[in-house]
1. Charges at C-beta only: +1 for Lys and Arg, -1 for Asp and Glu. How large is the resulting dipole of chain B about its Cα centre, in Debye rounded to 20?
2. Can you give the convex hull volume of the alpha carbon atoms of the range A:103-174 per residue, in Å³?
3. Give me the three principal axis extents of chain B from the C-alpha atoms, as integers in angstrom, largest value leading.
4. Hey, what's the Cα Rg ratio for the protein assembly as shown versus the globular rule of thumb, 2.2 N^0.38 Å?
5. On alpha carbon coordinates alone, what is the Rg over Rh value for the range A:280-362, Rh being the Kirkwood radius?
6. Quick check for me: using +1 on Lys/Arg Cβ and -1 on Asp/Glu Cβ, what's the dipole size of the range B:152-244 about its Cα centre, in debye to the nearest 20?
7. From the residues B:Leu44, B:Asn112, B:Val349, which one has its Cα farthest along the dipole of chain B in the positive direction, the dipole being from +1 and -1 charges on Cβ of Lys/Arg and Asp/Glu about the Cα centre?
8. Which aspartates and glutamates have a Cα lying under 16 Å from the Cα of B:Lys393, excluding residues fewer than 8 positions away in the same chain?
Amino acid sequence: MRALGIILAGGNNYKMRELSNKRAIAAMPIAGSYRSIDFSLSNMTNSHIQKVAVLTQFNARSLNEHLSSSKWWDFGRKQGGLFVFTPTITSDNGYWYRGTADAIYQNLAFLKNSHEPYVVIASGDGVYKLDYNKVLEYHIAKRADVTVVCTESREADTSRFGVLKMNEDSRIVEFDEKPMISSSNTISAGIYVIRRRQLIELIEKSAQEDRHDFVKDILIRYKNLKRIYGYKIDTYWSNIATVESYYQTNMDFLKPEVRDYFYRQSPGIYSKVDDLPPAKYNSGSVIRNSLIASGCIINGEVDNSVLFKNIFVGNNCVIKNSIILNDVYIGDNTHIENCIVESRDTIRANSYHCGEDGIKVVIEKNERYVI
Amino acid sequence: MIKKEMIAMLLAGGQGSRLGVLTEKVAKPAVAFGGKYRIIDFPLSNCINSGIDTVGVLTQYQPLRLNTHIGIGIPWDLDRNVGGVSVLPPYEKSQNTDWYTGTANAIYQNMNYMEQYNPDYVLILSGDHIYKMDYEVMLDYHKANKADVTIAVMPVPIEEASRFGVMITDDAGRITEFEEKPEHPRSNLASMGIYIFSWPALKEALTALKDQSNCDFGMHVLPYCREQGKRLFAYEFNGYWKDVGTLGSYWEANMELIDVIPEFNLYEEFWKIYTRGDIVPPDYIAEDAVVDKCIIGEGSEIYGEVYNSVIGANVRIDKGTVVRDSIIMQNVYIGSDSTIDKAIIAESVSVGDHVCMGCGEEAPNVLKPKVYGFGIVTIGENSVIPSNVKIGKNTAIKGETVLEDYPDGELASGGVIVKEKEGERS
C-alpha cells in the first residue's frame, strides 16, 4: 500500500445557508442516492487506498450516521480500514480543530503509526472521480514535495477557491486563497498528495508556530521553498459548498453524459444501502426529465427535478426545477418551484413555494402524523 | 454449549419447472421479484424480522445465482459470529451418498447442522412464497398448544382447496386429519408449507423415516407424526401469501404490487424486506417518457412509455417504445419503437428496435401448454431479440436469437425458440 487517505470533512460554510444547520457539508445528499463524501471515499477505495481517516467536527451527527459502517466502501478490512476522528480533549490539548492543519496535527499519531510512504488528502465536498494513483505517479515523477490537484473553474467567480498559477513545468508559482480579485481561472480542487514524513514535519512545524491552516500556512507559505506542483484534471469536478453550486451540481446529473460518467462507467461510486423498495409511479403521475430515487411514491407532476430517497408526492402537485432531499412528504395540490426542500420535512397540502430570484431553501418544521 | 431456541431450515433446492425458461439456469428462489428483490428475500427477511438468526438454506438445483445472492448473509444481517446463514448443498458421505430426494430427506441429511445448535424448535420454510409473517407469533402458538408440530394454514376458497394439502381440525385447532390435494376437500384450510417442529419430534420422525424414498413432509413426515399420536396444530394465517409457482401466478403477484395501496405493501416502515442491491443510482425519467402505474428499480433510464408494469434495476427503455402489463428484470435493454405487451423478460436480455412482443391472437403453446399459458411472452435471461420481429402470445424464447430464427420475421403465438450457445452447459 503506497498511500493512506485523509478526508477533511469538518468544515462549515455560511454559503450553504440553512442547509448546513443540521449537517456537515460532506453529508449533503447528492444526485438522488449519494452523499457528498461518497465521491472521495469511493475514489479512495477505487485507488486501492485501504486506510482512510475522515476528520469531522462541525455538525457531524448525520455524517457519522452515514459512516456507521465501513463496508459500503469496502473498508471493512483487517488491513487498513475507515477511521472517523472527531476532536477529543486530551491531557495536552483542549481545543477543537482550529483549522485543517490543526485537525491533522491533533491526529498525528495516526500518521506516525502508519507505514504507507504517501498521504492523499481530499475534501468531503467535491463531486468527482479521480484515480489518486495517477496523481501519485505524477508526484513521484516530478519529485514534488506537494502535488495539488487543480482544475479550470466552471464558475466565473473564483473568489471562494484557492486560485493558482503554474509555470511551464507545472510548478505552482502563485497561490492565493480566496482572493478578492483573482488573476487566474485555475483553482485548487482541495486534493493533495504528499510524502507522509514530509507532512508530519510540516504539520509539526506549523503547530509550533501556532499556525493551523493547511493551505494558508503550509502551501502558500512554503510555495517558494518547497516543490509544489499542480496536477490538472479536465474531468467533471464540482465543489458543492454554496447553495447555488449545490443546486447546479445536482441538476448536472440530469445530463446524460454526467449520469453515464458517474452511474455507469467503471469504477463506480458507492454509498450506504438503505433497503428501500423501488420507486412507485401511480396512475396520473407525470414525470419529465427528472431523477427519482428508491422509496419514492409519486402521484403528481415532477418536472426537471431531483427527488432523493423516500419522498411522497401527493395528487395534483407540481414540482419544478427543484431538489427534494430525503424523506419528505408533500401533501396534495402543492406547488414547488426553484426550491431545495430540506430533508425529513412535511409540506402540507395546498402549499406554494417558489424561488423568485434564485434558489429558495424550504424548511418547514411541520409535524407528520404517521399511522 | 451453543444453544438456539429456534433455527430455520429453508428449502431452496427446487427447480420450479413451471416457471419455464425463467428457471432454466436459476433456482426458483433466486428468480427476481418486484423490481429489486428475489423470491428468497421474503422468507429470509421474515426470519431476521422474527428474531431468527440461524438459517440453513438447502440448495440443489442450479445454485450459482442463489449462492452469490446469499453470500455470507450481509443484506439480511445474517452474518453472525454464532449462527447466521449457511448454504447447505448435498454432499458426499462415506456411505449412501445421495442427492436430496425429497423435502424431508434434505432436512434429514443435514441433521448434523441442526444438532450443533441444540435447538428446541426447528422452522421449516420453502423458498418460493411471497408473504410477510412473524414466525415468533407462530412459535408462541406452538408453545401454548404444547404442540409437536404446528402447520401454518390459510383459508382459501373451497373450490381452490383441491390444489393444496388441506387440514381438518377440531375446535381447538388440533389437526385430526389431512388430505393431500383432495378431489372433494372437507376443509378450506390450505397448508402453506411452513412448519414448526419441536426438535425431538422432528428428529424422531426423520430417523424413523430415513429409508423412505423421496421422503417428503406433506406425504410422509406429517402422516407419520399423526399416526404416532403427536400433537399437530394448525396455525391460521390471514395475511397476504402467494405461491409464485406458475408464470400466471408469478405475473399476477408482481402486478398486485402496483395498485395504489397494494394488499402486499413493500412501502411499510416496519417489516422491511432486505435484498442484496448493488445498484445505487436513482431512476431517470426523460422529458417525453411516460411512467404510469408502475414500480421501477434503481438506476433505470426510461425514455419510452411504461404502463402497468414492474421494472427491475438498471433497465433502459428507449424512446418510442411502449411497455404494458409486463415484468422486466434487471439489466435489460429495450430498443426504440418497440411494443411490449404482457411479457416477462428475465435478466440481462437485449431487445432490438421495432419489436412487437405479445401481439396477435392467443394460441396454446406447442411445447408446454401448461407452462406457457396466460397469454404471456416469456424471455429467458441473457437472450437477444433482434430488431423488426413479431412475437405472439404464449411464447417462450431463450438464447441469442437472430432474424433468421424467425420465419417471416415472426414467432407466431404458441411458438418456442430455444437456442443453446455453443459450449454452453444446460
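Values in this text are rule-based calculations from the coordinates and carry no lab data. If you're wondering where the values come from, they're calculated on a predicted model, not measured in any experiment. Glycine also receives a Cβ, built like all others from the backbone with ideal geometry; neighbour counts cover every protein chain displayed.
1. 1200 debye
2. Details: hull volume 10.3 nm³, N = 72.
Measuring per residue, one finds 143 Å³ for the Cα hull of the range A:103-174.
3. Projected onto the principal axes, the Cα atoms of chain B cover 65, 48, 45 Å.
4. Working: Rg = 30.1 Å, N = 797, 2.2 N^0.38 = 27.9 Å.
Dividing the Cα radius of gyration by 2.2 N^0.38 Å gives 1.08.
5. Values: Rg = 10.9 Å, Rh = 11.9 Å.
With Rh from the inverse mean 1/r over Cα pairs, Rg/Rh is 0.91.
6. Working: 10 positive and 14 negative charges, 64 e Å.
Dipole of the range B:152-244, to the nearest 20 debye: 300 debye.
7. Checking the options against the dipole of chain B, the answer is B:Asn112.
8. B:Asp325, B:Asp341, B:Glu361, B:Glu362, B:Glu410
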